[in-house]
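See below for the structure under consideration.
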Amino acid sequence: MCYTIPGKVINVQDNIATVEYFGRHKKAINELAQLLPGDYVYAQGGYVIAKVSAQEAEQVLRTWQELFVSLQEIDAQLTRPVLQNKNTPLEKILDKAVRRVSLTGEEKLFLSGLTEPRDKELFYKTANFLRQKYHANACCVHGIIEISNGCGRNCNYCGISTHNKGLVRYRMTKTEIIEAVHEAVMVHGFKALVLQSGEGAGYSIDELGEIIREIKNQYAVLILISFGEIGKTGLKKLFDCGARGLLMRFETSNPGLYAWLHPGFSLASRLESLRDAFEMGYLIITGSLIGLPGQTRQDIINDIELGCDLQAEMLSFGPFLPHAQTPLAKSNAPQENDMCDVLALARVLAPAQTKILVTTAFETLSAQARYNGLLCGANSLMLNATPLAFRPLYSLYPRRAHEQESIAFQVDQAVSLLQSLGRVPMDLGIADRK
Ligand code: 5AD
């Protein structure tokens, strides 16, 4: 996955291909030589990643066509029209949101502080309505391979930081990484993979570049990197080797809170990396931790707005979950409802094309996270494709969801949940790059 379905190329102009999916036209950046109208392709995150034979494409499309229509009906039923009367202050604000009229600062705070269950329900339904309107029933499903838990940073909340002295550290070899990618792509059908590690995990940029180049030579997959702050030169080198996405949270938009959580480091330099990466052409996945000690509702609104300002293709907000071997061991995690509030607010405030992830941390906080998250504005999932032996060692926070589940099991679970919600695991969304 992304279980992208094949699309048919309608035309190619310069490096932009127009691709048709069941009658809907999408644009994708093409880096393949000799792409012609009539060819079938897989596209991911706005990039054409591979050509497919007409025979294979037509077979996949035949299977999907019928299901696609019936799933769209389920999704539409679950997304009942909201806001019949527009009388209350809440309905007036939500009506503005649906009409895409900018909200005032006060209105944003009002939405983030709802307490009545009925009000929250209306808010979540409106967010789900916007998700449906802009993304139909498409859900992005990426895989992540955690290649090393080595880390040289001292983030006060993180279970793989230097604070966790007793943690056994691992570093997958190039062969192990390629094997994991092979399984994810060839056995399970992933079309987009994040490679992640702690920062300064011991690989040189050249080693990482070589690994990415080899993956890109062998597999039709979009590669997103997540190795922390690797500098502008590092970003450029890995882009040249074929990486096209960067997953890096800014963690909090509050510079004071950032400095307190990351002694010796600054929010400004993290943001500079994110901006450099976007300028280079990387698709950006970013976001923050929710429920940090001292974090206010206004901070969270600022987090959402910062993610949008960074032109994120996908926003990733996860609850802070205290880890025993860190200085924040005694702090509290947020409630499930707090996370739904953030996802719904992100859907209301973000540009139409922005994808919103249900994070593994949220799934760890609540068994209903996926179901509830997907019904309050989210439209993306990330499955763990790290070899099972390494997973418990990637202990960002305790008892991570899916830690013991095979990839096949996770794929089955994700696909059946998505289908029960009328969603299709694929990526039709195309980054609206400026
Ligand atoms: N709780 C939740 N998320 C965490 N991360 C690190 N530590 C924790 C924690 N205790 C997240 C950070 C980082 C990502 C890889 O993991 O947001 O960006």
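Rule-based calculations on the coordinates, nothing more; no lab input. Quick caveat: nothing in here was measured; it's all calculated off a predicted structure. As a convention, Cβ positions derive from the backbone with ideal geometry for all residues, glycine included, and neighbour counts pool all protein chains shown.
Taking the alpha carbon gyration tensor of the range 370-409, what are the square roots of 5 times its eigenvalues, largest first, to the nearest whole Å? The partial results should precede the final answer.
Details: eigenvalues 103, 30, 12 Å².
The three semi-axes for the range 370-409 are 23, 12, 8 Å.
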field: Computed magnitude of the charge dipole of the chain (debye, nearest 20; Cβ of K, R +1, Cβ of D, E -1)
entry: 460 debye
task: Please give every one of the lysines within straight-line cross-link reach of Lys330, meaning a C-alpha to C-alpha distance under 19 Å, and leave out same-chain neighbours fewer than 8 residues apart.
output: Lys165
- prompt: If all Cα-Cα distances of the range 258-318 are sorted into 10 Å bins from 0 onward, what percent lands in each bin, rounded to whole numbers?
  reply: 21, 52, 25, 2
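What fraction of the DSSP beta bridges in the chain is antiparallel, stated in percent and rounded to the nearest 5? The partial results should precede the final answer.
Details: 19 of 52 bridges.
About 35 percent, rounded to the nearest 5.
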statement: For the range 19-79, the charge dipole (Cβ of Lys, Arg +1; Cβ of Asp, Glu -1; about the Cα centre) points to a positive end, and the Cα of Leu36, Thr63, Ala76 closest to that extreme belongs to Leu36
message: As I understand it, the dipole of the range 71-223 uses +1 on the Cβ of Lys and Arg and -1 on the Cβ of Asp and Glu, about the Cα centre. Which of Val181, Gly159, Leu130 lies farthest toward its positive end?
response: Leu130
statement: At the level of C-alpha centres, the distance separating the range 381-420 and the range 296-367, in angstrom, is 19 Å
- prompt: Which residue fluctuates the most in the chain, going by a Gaussian network model with Cα springs under 10 Å, if the choices are Leu208, Leu195, Leu224?
  reply: Leu208
- line: Placing one equal point scatterer on each C-alpha of the range 89-156 and summing with Debye, one gets log10 I(q)/I(0) at q = 0.17 Å⁻¹ equal to -0.73
- prompt: When only DSSP loop residues count, what trypsin sites (Lys or Arg not before Pro) in the range 129-232 have their Cβ near at most 16 other Cβ atoms within 10 Å?
  reply: Lys165, Arg169
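Over 40 Å, how big is the tail of the calculated P(r) for the chain, in percent of all Cα pairs?
Details: 12661 of 93961 pairs.
Above the 40 Å cut-off, the chain has 13 percent of its Cα pairs.
Out of the range 173-236, which GluC sites (Glu not before Pro) are coil in DSSP terms and have no more than 10 other C-beta atoms within 10 Å?
The qualifying sites: there are none.
May I ask for the net charge around Lys133, where only other residues with Cβ less than 12 Å from the Cβ of Lys133 are counted and Lys, Arg are +1 while Asp, Glu are -1?
Working: positive: Arg99, Arg100, Arg131, Arg347; negative: Asp75.
Net charge around Lys133: +3.
Can you tell me what the convex hull of the Cα atoms of the range 256-384 projects to on average, as an area in nm²? Please list the in-between numbers first.
On the way: hull surface 33.4 nm².
For the range 256-384, the mean projected area of the Cα convex hull comes to 8.3 nm².
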query: At q = 0.21 Å⁻¹, what log₁₀ I(q)/I(0) does a Debye calculation on the Cα points of the range 199-295 give, no solvent, two decimals?
result: -1.03
- request: Extending each Cα 7 Å along its Cβ direction at His182 and Gln404, get the distance between those two points in nm, one decimal.
  value: 2.9 nm
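Taking a ≥ b ≥ c as the square roots of the Cα gyration tensor eigenvalues, with a/c under 1.5 meaning rounded and otherwise prolate when a/b beats b/c, else oblate, which class fits the range 313-434? Could you put the intermediate results ahead of the total?
Working: a/c = 1.78, a/b = 1.25, b/c = 1.42.
The shape class here is oblate.
Quick check of the Kirkwood formula: for the range 1-159, what is the inverse mean of 1/r over all pairs of different Cα atoms, in Å?
Details: mean 1/r = 0.0513 Å⁻¹.
With all distinct Cα pairs of the range 1-159 included, I get 19.5 Å.
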query: So if R0 is 30 Å, what FRET efficiency would Thr115 and Thr63 give, r being the distance between their Cβ atoms, rounded to the nearest 0.05?
result: 0.05
- prompt: Ratio of the range 1-48's C-alpha Rg to 2.2 N^0.38 Å, to two decimals?
  reply: 0.99
